[in-house]
Structures are given as structure tokens and as C-alpha cells.
Amino acid sequence: YWKMENNQSYFGGIKDAVKSLLTGLGVTWREYFTPKVTEQYPENRKTVLHVASRHRGRLIMPQDAEGNNKCIACTLCEKACPNGTITIKSEMVEVDGKKKRKLVDYQYDLGECMFCQLCVNVCPQDAIKFVNEFENSTFSRDSLVLHLDKEKFEPVLPELIEGGADMEIGKFNTGTK
């Protein structure tokens, strides 16, 4: 009789192959009959939001009520960025007889960002942070270059910033417009 390399007979190999095939088919049939969860996106995106609160969607620079931010133009975030998505332009100004750096432009390229959060971790003033806003698609790469110091961030989906709606397993969301 014929022997295979691993000391199994020819018919033993066929038996193992059939057993493996039946195991795979069993998994497939079990999955076929489990109920599926379908979310209608983007039609119902304002009602069903299941995004983790720690999801890194895009970088923002929070501002106070007067529109001021905490950035001191130290350029630590620019130096920490591994692929150069942050570019900071600053100028030296004299305040109370001391020279200080003043932020002129904080440029962030969302299309190049790796979302590694090294810039946020290194910032001594907590001037930048990631939010879990994820709808950033656009037709032009130029529109992904953001000037964070000049932009007032308004969330498109307010519940999303808080971590989204609670996920209910097994509930179907098949509403129509």
C-alpha cells in the first residue's frame, strides 16, 4: 500500500480531508442560520452610533469661549510626529519685556496622519486631542490639510463625541427614509 511522508496511509489522508471539509461546512451552516445585525448607514447614522470612545478619528485643538487655544508653539508635537503631518509656524513677540513664541499657523494633514497619538502624548499644555469623529471622506486631498488654530471644531454627530449610543446585540435597524 502507499505511504505518505508523514507515515499516514493514502486512505487515512482522504479520511482526514473529508473530516476537515465537514468541520468547515458545519461552521458555515451554523453561521448561515445566526441572526444578522444590519445598520442602515448613512441613512440612520444619527440614531445608531457604535464607535468606541477611544477611537482616534481626527485631531482637534480645543478652544475656550473667546476662541483661544492652549498651544504655546513649543513644536514638540511636530518633532514627535513620525511622518511629518504637523507643521507649526510661530513668531517671536515681546510680552512684558520678555520674548515669547506666538503661534501663527498650526497645519495638520489628516490624509497623512497615522493616528499614533504621539503628538497628543507629548503636548505639555494638552492643547490638542483626538476625537472619535470618523466621517472625514472627501474628493480632494487638499481639503484634508487643516489649520487647527483657525478652525472651530463643531461635531457633526454630537452623540459620537460621548462614545456613541449603547450597542444592542440582535436588534435590527432597517428603517427606511
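Taking the Cβ of residue 143 as the center, what net charge do the other residues with Cβ under 14 Å away carry, scoring Lys and Arg +1 and Asp and Glu -1? Please report the intermediate quantities before stating the final value.
On the way: positive: 58, 141; negative: 109, 112, 135, 142, 151.
Overall, the nearby charge balance is -3.
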message: Please list, ordered by chain and number, the residues whose modelled amide H lies under 5 Å from the amide H of residue 58; skip anything fewer than 5 residues away on the same chain.
response: 131, 133
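May I ask you to give the percent of accessible area on region 10-154 that is carbon plus sulfur, with a probe radius of 1.4 Å?
Numbers: 5490 of 10030 Å².
Result for region 10-154: 55 percent of the exposed heavy-atom area is carbon or sulfur.
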- request: For each pair in 99/150; 79/150; 129/150; 70/150, compute the distance between the two Cα atoms and list the pairs where it is over 18 Å.
  value: 99/150; 79/150
- request: Convert each backbone phi in region 132-139 into a coupling constant with the Karplus relation 6.51 cos²θ - 1.76 cosθ + 1.60 (shift: θ = phi - 60°), then list the ³J(HN,Hα) values in order as whole Hz, x for Gly and Pro.
  value: 8, 6, 10, 8, 10, 6, 8, 8
task: For region 55-139, state which GluC sites (Glu not before Pro) are in a DSSP loop and have at most 16 other beta carbons lying within 10 Å of their beta carbon.
output: 66, 112, 135
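Give, as a single signed number, the net charge of other residues whose beta carbon lies under 14 Å from the beta carbon of residue 112, with Lys and Arg counted +1 and Asp and Glu -1. Each step should come with its number before you reach the end.
Values: positive: 58, 141; negative: 78, 109, 142.
With Lys, Arg at +1 and Asp, Glu at -1, the net is -1.
Counting Lys and Arg as +1 and Asp and Glu as -1, what is the net charge of the other residues whose Cβ lies under 12 Å from the Cβ of residue 61? Let's see the in-between values first.
On the way: positive: 58, 70, 129, 150, 152; negative: 64, 105, 126, 149, 151.
It works out to a net charge of 0.
Work out the FRET efficiency for residue 120 and residue 143 from their Cβ-Cβ distance, taking R0 = 22 Å, and round it to the nearest 0.05.
Details: r = 23 Å, r/R0 = 1.04.
Efficiency, from the Cβ-Cβ distance: 0.45.
The values are calculated or read from the model by the stated rules, or taken from the named source; none is laboratory data. These numbers come from a predicted model, not from an experiment. Virtual Cβ from ideal backbone geometry, glycine too; neighbours counted across all protein chains shown. Ligands, DNA and RNA are stripped out before the accessible areas are found, and what is left, the full protein with its side chains, is counted by its heavy atoms. Shrake-Rupley method; radii C 1.70, N 1.55, O 1.52, S 1.80 Å.
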